[in-house]
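Remarks on the structure that follows.
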Amino acid sequence: LAGTPVVVLEITAVAFGVGASLVQAITETVADGLVAAGFGIAVVVWGLMTRVRRRVAIGAVVVVTAMVVLVVVPLVALLPAWGGAGLWIMVAAVGLVAVLAATMLEKAREAARSTRHRWSDLTTDWE
């Protein structure tokens, strides 16, 4: 088991590795978000190869964050042009997506709970 300094160092290294790409995806071009997603996938693969759960989780967070940036940043440019009914339709759509995402998250949590005992047998040697 790794100590706290090693965990903090890993998280810091991943944050520095992906930080520049995420900032450039927001400020320069959205395509830099793909670089961040690639880095996240590399961290997930690293975690799978070394059998360390926190690395897999950190990589998954990076990939999800990069995907959100890839979707949200282009939509921000549309906001000033929208007004009236279009704005309210967009707000309703975003609310619906949020409810659907929360529902999917809850279903995923239930599935994770139901399969936890099977994973505990398979991942007993994971850190």
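See the values below:
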| quantity | calculated |
| --- | --- |
| Degrees separating the helix 53-76 axis from the principal Cα axis of the chain, which is the longest one | 10 degrees |
| With Cα atoms, 0 to 90° folded angle of helix 85-122 axis to the chain main axis | 10 degrees |
| Long-range Cα-Cα pairs in the chain (distance over 19 Å), rounded percent | 63 percent |
| Surface per residue (accessible, 1.4 Å probe) for the chain, Å² | 69 Å² |
| Packing rank of 44-56, 66-78, 97-109, where each peptide gets the mean count of other beta carbons within 10 Å, highest leading | 44-56, 66-78, 97-109 |
| Within the chain, helix-based [θ] at 222 nm, where runs of 4 or more DSSP H residues each add -39,500 (n - 2.57), nearest 500 | -29500 deg cm²/dmol |
| Magnitude of the charge dipole, the chain, Cβ model with Lys/Arg +1 and Asp/Glu -1, debye to 20 | 380 debye |
| Which of Gln24, Val44, Thr103, positive extreme of dipole for the chain (C-beta unit charges) | Thr103 |
| Carbon/sulfur fraction of accessible area - the chain, other protein chains in place, 1.4 Å, % | 75 percent |
| Rounded to 10°, Cα long-axis angle of helix 4-27 versus longest principal axis of the chain | 20 degrees |
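The values are calculated or read from the model by the stated rules, or taken from the named source; none is laboratory data. No experiment lies behind these values; they were computed from the predicted model shown. Every residue, glycine among them, receives a Cβ derived from its backbone with ideal geometry; neighbour counts consider all protein chains shown. Areas reflect the complete protein model, heavy atoms only, side chains present, ligands, DNA and RNA absent. Shrake-Rupley method; radii C 1.70, N 1.55, O 1.52, S 1.80 Å.
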